[in-house]
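Okay, so here's the structure we're looking at.
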Amino acid sequence: MNSEPNISSFMYVGVSELLRQHDICPDSIYQQMGLSPSIETDPSVLLPYSSFLNMLEHLKQVLPYAHPSLMLSKIQHQQGENFYVDLLLNSPNLGVMLQNALQYRKHFSEITYWDWHTDDDYLFIKRSSFSSIEYNVAEHSLYSLSYSFHVIKKVINDNNDNIEYVSLIKPKCEGQQELMRYFNCPIRYEQDFDGVVLKRRALLTPNDHFCHKKYGALLKRMIDLAVIFPSNQTFESSVKALIFSTLTTDFCTIEGVAKMMNIHHRTLQNRLKKEGTTFKKAVQQVRDACAVRMLMQQELSLSKISRLLGYSELSAFTRAFTATHEMSPKVWRKLRLSA
């Protein structure tokens with residue numbers, strides 16, 4: 001029998017403020033649950049997941065909202081983030097943010113993580129769970145989605161043009177106006193997943209808030225946490241994923257990536273050799289794959305693309321791209337866009 005998963009008390013942050021906004025004493029609500037409001041000040045405390053479900057139910061009973069989870073996630077973002085969420089918010093683009101969330105997901109949640117894939121036109125971000133269906137109630141799923149939606153919007157610079165729709169498993173019911181006000185985009189009900197669908201171009205659109213020094217410092221705080229990858233992913237793919245998320249930092253070296261994978265850099269080198277490649281080649285392939293997609297975004301200058309790919313100067317990017325494509329990035333972009 002599986003034991004009940006735990007959640008961080010960070011998820012309770014803002015409960016007291018939300019209750020006080022409606023002249024309700026937080027102490028009385030917490031006492032009914034055998035807890036104290038003081039848990040909101042210590043996010044390191046772990047609590048049974050069922051206690052948070054009970055809190056959401058209590059809030060629904062005493063507050064004038066069909067979905068109090070929306071209000072709670074909004075307050076939590078206003079009050080500040082933990083360093084894991086800071087890392088996501090300060091990622092250079094949505095693709096790197098999703099990769100970071102995937103790599104460190106198990107360290108920060110025993111319940112929810114976000115899976116994603118693309119087709120030719122769209123990016124699908126879907127809520128997934130480590131736990132059995134009994135723990136996946138609709139209101140908590142909505143809380144997770146609303147919190148993550150806020151992070152996603154920040155990373156894509158609050159550009160609603162890149163958002164196609166929010167996908168909900170739940171049917172249409174009370175609280176539709178609350179949902180529309182919060183998400184401010186089309187919502188599709190009775191879908192096969194809870195999540196959000198965006199235009200594919202959003203994946204590599206630069207985050208306007210990105211600062212490579214701050215991002216590098218936040219990544220450094222995560223360095224002792226082993227990264228986690230899907231079991232069916234090749235070693236080469238795992239290395240490329242880390243290269244992708246560290247292109248703009250000092251960690252994009254064979255030593256840095258090896259440390260993040262908790263192995264010696266010679267072990268990394270040997271395992272890549274067995275798969276018929278090298279670290280240098282993997283870096284080149286990741287940079288080139290990103291370059292051709294960024295070049296299709298006319299608003300991105302060549303200098304900005306060069307910086308986002310981790311090149312020290314534009315001329316280095318031009319040489320590397322020309323060696324692969326037998327034409328400069330400027331000529332390649334002109335030919336592709338005119339076609």
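The table below lists the values:
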| read-out | value |
| --- | --- |
| Helical mean residue ellipticity (222 nm; -39500 (n - 2.57) per DSSP H run of 4+; nearest 500) of the chain | -15000 deg cm²/dmol |
| Accessible area expressed per residue, segment 1-148, with surrounding protein chains retained (probe 1.4 Å, Å²) | 43 Å² |
| Order of exposure, largest accessible area first, which applies to 265, 67 with probe 1.4 Å | 265, 67 |
| The chain: relative contact order as a whole-number percent, Cα under 8 Å and 6+ apart | 14 percent |
| Simple spin-label estimate for residue 338 and residue 274 in nanometres, 7 Å along Cα-Cβ | 4.9 nm |
| Dipole in debye (nearest 20) - the chain, about Cα centre, beta carbon charges: Lys, Arg +1; Asp, Glu -1 | 1780 debye |
| Gap separating the Cα centres of segment 221-260 and segment 142-160, nearest whole Å | 25 Å |
| Accessible-area composition of the chain, carbon plus sulfur, in percent [1.4 Å probe] | 49 percent |
| The chain - share of DSSP beta bridges that are antiparallel (%, nearest 5) | 90 percent |
| Length released on extending from residue 42 to residue 180, taking residue separation times 0.36 nm less the Cα-Cα span | 46.4 nm |
| Set of aspartates and glutamates near residue 172 by C-alpha distance (under 19 Å), chain-local residues within fewer than 8 positions excluded | 139, 164, 190, 192, 194 |
| Flagged links, alpha-carbon separation over 19 Å, of 106/126; 304/334; 74/106; 106/274; 213/304 | 74/106; 106/274 |
| Accessible surface of residue 150 - all protein chains present, 1.4 Å probe, nearest 10 Å² | 60 Å² |
| Inter-part distance where segment 31-63 and segment 261-305 are each reduced to a Cα centre, Å | 44 Å |
| Lysines whose Cα lies under 21 Å from that of residue 280, excluding same-chain neighbours fewer than 8 positions away | 240, 259 |
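The values are calculated or read from the model by the stated rules, or taken from the named source; none is laboratory data. Quick caveat, the model's predicted, so the values are computed rather than measured. All Cβ positions, even for glycine, are placed from backbone atoms using ideal geometry, and neighbour counts span all protein chains on display. Ligands, DNA and RNA are excluded from the accessible area calculation, which covers all protein heavy atoms including side chains. Shrake-Rupley method; radii C 1.70, N 1.55, O 1.52, S 1.80 Å.
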